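The values are calculated or read from the model by the stated rules, or taken from the named source; none is laboratory data. Keep in mind the model is a prediction, meaning the values are calculated, not measured. No Cβ is skipped: glycine too gets one built from the backbone with ideal geometry, and neighbour counts run over all protein chains shown.
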Amino acid sequence: MAAALIWAFRQYAHARPAAATWRTSIKTFPVSYIAVLLGFIAASLMSRLFQLTGHTFDDEELSDPLLAALTIINAGMAGPAEELALLALVVVALRATGHGWTIVLLAAAAVRVPFHLYYGWGAFGFSVWACLIVLLYKRTGAIVAIILGHATFNMANYIPVIGGAPKLIAVAIGIWVIFMHLSNIMENRLADAQEQRRIEENEAYERGYPDRSK
């Protein structure tokens, strides 16, 4: 249903978004994983700082292999179910109807928080997650990578046998991607500033030394 509505809004707006490249998707995946993690950290901190009523869920003991597989798959389905409805549909629908990104951010937080209130009032911290992935989607358009990041985060919670190493690796890669992206932005801005300074110096020189050949 969400996918159909996304298609309909894009047709209404005559939008033809470019598909994210595989390189962009690979870079987006660990960053989206971090966005989910930061949302849960924010929710936990909000509950503790303001002493809000919260709910924790004990890890299930999945002794039956079939039950374990179905539980893990079910956890992963939250990725496409939530991100198509709470992210892509919200962004596409509001942008197609002429709303700015500030409204999109507020709407994304407004629909994601109630969806997770079963965690308690600290779920308002999930607005951090909502805003981060909207900005990530705006920057990359890599909805599949964002879906996989969410799904992986959920499924990893049900696979204690793998330990914390893969989670730490995903976080480390995400931090590295963010660092490299910010470094590239700073380098580009520095290069632009130097080019602008060179142009201004040339213009100042030409004003001081006009062409006398005419």
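Miscellaneous remarks
- Hits in region 1-24 (condition: among the small types (Gly, Ala, Ser), assigned to a helix (DSSP H, G or I) and either out of contact with any helix residue (DSSP H, G or I) (no Cβ under 8 Å at 6 or more places or on another chain) or at pLDDT 90 or above (or both)): Ala4, Ala8
- Among the residues of region 115-139, the one identified as within 17 Å of Gly149 (Cβ to Cβ) and not in a helix (DSSP H, G or I) is His116.
- Among residues of region 70-120, those that are surrounded by fewer than 16 Cβ atoms within 10 Å (Cβ to Cβ), among the hydrophobic types (A, V, I, L, M, F, W, C) and farther than 20 Å from Leu135 by Cβ, counted: 5
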